[in-house]
Number of protein chains: 2
Amino acid sequence: MAVKGIKSKDKHIINLANIIGDARSILYHTEDLIAYDCDGFTLHKHLPKAVVFPKNTQEVANLVKYCSENQLPFLARGAGTGLSGGAIPLNGEVIISLVKMKRLLSVDLENRRAVVEPGFVNLKLTNSIADKGYYYAPDPSSQYCCTIGGNVAENAGGAHCLKYGVTTNHILGLEVVMPNGEIVEIGTNGIPDAPGYDLLGLLTGSEGTLGIVTKITVRILKNPEAKQTVLAYFDRVEDGSQAVSDIISAGIVPAALEMMDKVAIEGVEAAAFPVGHPRDIEAVLLIEVDGIAAGLDEQINHILEVCKNRNVREVRAAKDEAERGRWWANRKTGFGAMGAISPDYLVQDGVIPRSKLPEVLNNINKISEEYGLRIANIFHAGDGNLHPLVLFDARKPGESDRALAAGSACLQVCADVGGTITGEHGVGIEKREEMRFVFSDEEINAQTDIREVFNPHNLLNAGKLFPMPGRCVEIKRDLKEKEAAIS
Amino acid sequence: MAVKGIKSKDKHIINLANIIGDARSILYHTEDLIAYDCDGFTLHKHLPKAVVFPKNTQEVANLVKYCSENQLPFLARGAGTGLSGGAIPLNGEVIISLVKMKRLLSVDLENRRAVVEPGFVNLKLTNSIADKGYYYAPDPSSQYCCTIGGNVAENAGGAHCLKYGVTTNHILGLEVVMPNGEIVEIGTNGIPDAPGYDLLGLLTGSEGTLGIVTKITVRILKNPEAKQTVLAYFDRVEDGSQAVSDIISAGIVPAALEMMDKVAIEGVEAAAFPVGHPRDIEAVLLIEVDGIAAGLDEQINHILEVCKNRNVREVRAAKDEAERGRWWANRKTGFGAMGAISPDYLVQDGVIPRSKLPEVLNNINKISEEYGLRIANIFHAGDGNLHPLVLFDARKPGESDRALAAGSACLQVCADVGGTITGEHGVGIEKREEMRFVFSDEEINAQTDIREVFNPHNLLNAGKLFPMPGRCVEIKRDLKEKEAAIS
């Protein structure tokens, strides 16, 4: 017998509702499911079978066990801000939404760690400990709404990952529900070289294909004593790129070293947080250093000097925290800002060796011309993580396809110079085929063999991360058709 | 027909010699093999079937293929300095020694990376690039002779890993011969969040059980502009421990933060590099900060102040590089120095949360009393990595066993406070059973399942890393008997 309020005759819906014991914690009507048909990657849409909202680990385990025993495909979802489609229910999955598991469970300042549930929002952690002088380092631009569980799945990066590392460098332990419903603890409290294989590293960034994370122990850091931020405008992108290399070569490790090109500047200046960047420059650098106050002035002077040696048009340090905040708001809302100059945009996520920056930007320009689409570039220049934003208009026939193809071509350029196809957004469904740019069949098989150890029936988030002929739903890039079918 | 000079009638010896095409590159006489019956963990000895010295990746692949096809157990060995027995041929393995593959293949200063063969000695890398102002960070105390291939296998740490991380944080790519002889490339040039599962992390620290590394791309760092080093003497170990916590809490990240206790001081002062530590103190701290010169004085002053607030007896900064060098020589030769005060010693390698230091040291003292054996403590205090050195005399009946039992008890103490059983030396054969202190059966099975993906017949370095009833040679701790059998 179903819990009160369930209007479905589907035995699985009834049984899933029974597991969580609450009719308000399950969605199964088509009109409710539409909100879950995609994530931040909006170019493919698929309806889930249901969305369930467990409140604790045991409920997650019970749901997983049920799905596993009944051969129902399932996947976990956080805030749904992922940019590569990792939470899209390709196979009509039961979505296990973790947004009700959003508690900060403990903070241990002495040993610099905190324990959170997976649905806890990234920025809330820093906000919760800021008054004591601590923060959580990984800062994806979506940090005001994305969840730490999702960050673990995607091994999320952010502007300050140049100095502080990506999510995997800040995860000390995980509680995981395995695809058979078993609950395991992984990681030994942040000990860097713990015994046994590095399962913590293996799970982090596995894009929800190996297990569902239900508790996360993270490293927290002491706030740096001081921060200083510099903005530099370059007439030529080569000079900007070279300044990036020069700063790193000087032995300075900036907390962040961001670049935007001319098209990107047009976008951010037309959007909600303009700061008055000149429109005729080719590159703006946003450079932040942090640490003990005594050393910062010297670093800033060094950075100013490097920029001057590279023909900077204008360079200056933020005069106060308010100005620094405006510069960061301008940068961190950069993706969305493209909406101000284009009806649609597709963000890509390639990585290249820093020294290849001018060559790669030049090739991306050629792609832009070839496909007849403008491409803005916003990137974490310090670690060579590019975000080409392909601007397009989905209403024009064939333009979505052309945008996807142009994005793929940008990734090929990155792979060709010894880089790779994702720096922080993950592979998901978006870049499955592009995995072949960087992995041989054997290397992909070695990875799917590992998946099989954890996820033997591939019921958990199937069709993601790997090109898998015959095993996953064929994704056709005929988007219009699919969207029409759903709406 | 065998290559010229082979005196064996064993078809496998003849065939192995043929693969490397050189009679001087294979050892198979018992008198030659004895040198390979153990590594830095000398309490168990087993003779290999043969030792072969390939000169390149293809030869390694051919040897592995031969062993695999002929069901011959095999393992890789670097300099043999490992402290947990990872290179001991428990099953009469064919040892594939990588010491002839010792070239520095390339250095790319602009992108901060170098490529080495596995037999390249750790310190030689720093020596090769020092004149250009760069260095390789992981610095195990054996760095003057240990190889980078071995460092990868064990995920080696070192005194400066507090700030700079252990080996896994510095490995950007690997060429690996898989247990079936296939050659694969792993890692995408140091991109922190590369697509796919983190195979690079999985291989690093897998103690030679998943594949044989034949080429390594490592990160190299710019030398810090300046270094300063402080020595502090404490009458009470609690004060020294508290000073460690206070320094970290102050937001300072020292490059190194080392501690030695009273027994350790007795040893290092009696050995080759005494520096005049007072004999009646309970703890000496060696604290090093590095970075931009402008910030260092302030950090040093802060450290001096912290120490004074914790009742330090004496604290001072090194007056010059020569003094700094003497302090480090005193510390880095600490293990061997125990030979000056004890006929034998067993080094252990536990890790604990920093805040548990006084409690754990107290419990180790109790173990010392209980087992009637002195225990010296040398440790990386900043990251809670303890090295209890159990002093014993192998000539006295039963004392070796008692030392092993006392070492194991120390690890139990570490595990009990939420720590673990190895911080940098690996599990090998030494701590196989102690894996149960920190892993459940399910967690161990998950790991052996992963091993099976790579190493399905368990021919590569079997019997290491995991407690595996029925699958590996039973290790009896009756050492005398085994040693007698070999000699």
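The values are calculated or read from the model by the stated rules, or taken from the named source; none is laboratory data. Note that the coordinates shown come from a computational prediction; the quantities given were computed from them, not determined experimentally. Positions of Cβ are backbone-derived with ideal geometry, glycine not excepted, and every protein chain shown enters the neighbour counts. With ligands, DNA and RNA removed, areas are computed over all heavy atoms of the protein, side chains included. Shrake-Rupley method; radii C 1.70, N 1.55, O 1.52, S 1.80 Å.
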Largest-first principal axis extents of the Cα set of the range A:232-308 (Å): 38, 26, 15
Relative contact order [Cα under 8 Å, 6+ residues apart], the range A:225-341, whole percent: 44 percent
5 angstrom amide H check on B:L386, placed H, neighbours 5+ away: B:G350, B:V351, B:I352
Residues of the range A:437-456 with amide N under 19 Å of a point placed 7 Å along Cα→Cβ from B:S440: A:453-456
Inter-chain shielding of B:418-425 (mean C-beta neighbours from other protein chains, 10 Å cut-off): 5
Drop in accessible area of at least 10 Å² in the complex versus isolated chain, residues of the range A:268-306, 1.4 Å probe: A:I292, A:A294, A:G295, A:E298, A:Q299
Kirkwood-Stokes translational diffusion coefficient of chain B, alpha-carbon pairs, 25 °C, 0.890 mPa s, µm²/s: 105 µm²/s
Angstrom value of the Kirkwood radius, inverse mean 1/r, which spans all Cα pairs in the range B:342-431: 12.8 Å
Note, ³J(HN,Hα) from phi for the range B:363-380, Karplus 6.51, -1.76, 1.60, rounded to Hz, x at Gly and Pro: 5, 5, 4, 5, 4, 4, 5, 4, 8, x, 10, 6, 10, 8, 10, 10, 8, 7
Too-long pairs where the Cα-Cα distance tops 27 Å, listed order kept, from A:K132/A:K332; B:K332/B:K431; A:K132/B:K319: A:K132/B:K319
Heavy-atom accessible surface that B and A bury in contact, both chains counted, 1.4 Å, Å² to 100: 5100 Å²
Shortest-first nm distances, A:N445 label point to equivalent points in other copies (7 Å, Cα→Cβ): 2.7
The protein assembly as shown: radius of gyration over Cα atoms, expressed as a fraction of 2.2 N^0.38 Å: 0.95
Within the protein assembly as shown, helix-based [θ] at 222 nm, where runs of 4 or more DSSP H residues each add -39,500 (n - 2.57), nearest 500: -10000 deg cm²/dmol
Chain B: angle of helix B:237-249 to the longest principal axis, Cα-based, in degrees nearest 10: 80 degrees
For chain A: relative contact order, % (alpha-carbon pairs under 8 angstrom, 6 or more apart): 15 percent
Furthest towards positive pole of dipole, A:N91, A:I186, A:Q228, structure part the protein assembly as shown, Cβ charges: A:N91
Rounded to the nearest 20 debye, dipole of chain B from Cβ charges on Lys, Arg, Asp, Glu: 1340 debye
Shape box of the range A:187-333 [Cα atoms, principal axes, largest first, Å]: 53, 37, 30
Computed magnitude of the charge dipole of the range B:342-431 (debye, nearest 20; Cβ of K, R +1, Cβ of D, E -1): 100 debye
Distant-in-sequence amide H partners of B:A79 (H built 1.01 Å from N, under 5 Å): B:T147, B:G150
Accessible-area composition of the range B:199-238, carbon plus sulfur, in percent [1.4 Å probe]: 43 percent
Built amide H within the under 5 Å cut-off of B:K215, gap 5+: B:E175
Backbone HN-Hα couplings from phi across the range B:161-167 [Karplus 6.51/-1.76/1.60, Hz, Gly and Pro as x]: 6, 4, 8, 9, x, 8, 3
For the range B:122-196 versus the range B:65-114, the gap between their alpha-carbon centres in whole angstrom: 14 Å
Proportion of all alpha-carbon pairs of the range A:258-355 beyond 16 Å (%): 63 percent
Table column - 3J(HN,Hα) (Hz), the range B:144-149, Karplus curve with 6.51, -1.76, 1.60, x for Gly and Pro: 5, 9, 6, 9, 5, x
Reduction of at least 20 Å² in accessible surface, 1.4 Å probe, comparing all protein chains with the chain by itself, residues of the range B:338-359: B:V351, B:P353, B:R354, B:S355
Solvent-accessible area per residue for the range A:342-425 (1.4 angstrom probe, square angstrom): 31 Å²
Listing of the range B:432-450 residues, each with accessible area lower by at least 30 Å² in the full protein assembly than in the chain alone (probe 1.4 Å): B:F439, B:E442, B:E443, B:Q447, B:I450
Pair-distance profile P(r), taking every C-alpha pair of the range A:174-249, with 10 angstrom steps and integer %: 14, 29, 16, 22, 17, 2
Charged-residue dipole, Cβ positions (Lys, Arg, Asp, Glu), the range A:11-97 about Cα centre, Debye nearest 20: 120 debye
In degrees, nearest ten, helix A:441-454 long axis to first principal axis of chain A (Cα): 50 degrees
Fraction in percent of alpha-carbon pairs per bin - 10 Å, the range A:387-439: 24, 53, 21, 2
Principal-axis tilt of helix A:399-416 within chain A, Cα atoms, nearest 10 degrees: 70 degrees
Normalised contact order of the range A:25-69, rounded percent, pairs of Cα under 8 Å and 6 or more residues apart: 38 percent
Carbon and sulfur %, accessible surface of the range B:342-431 computed with the full protein complex present, 1.4 Å: 44 percent
Calculated P(r) tail over 17 Å for the range B:74-144, as whole % of Cα pairs: 51 percent
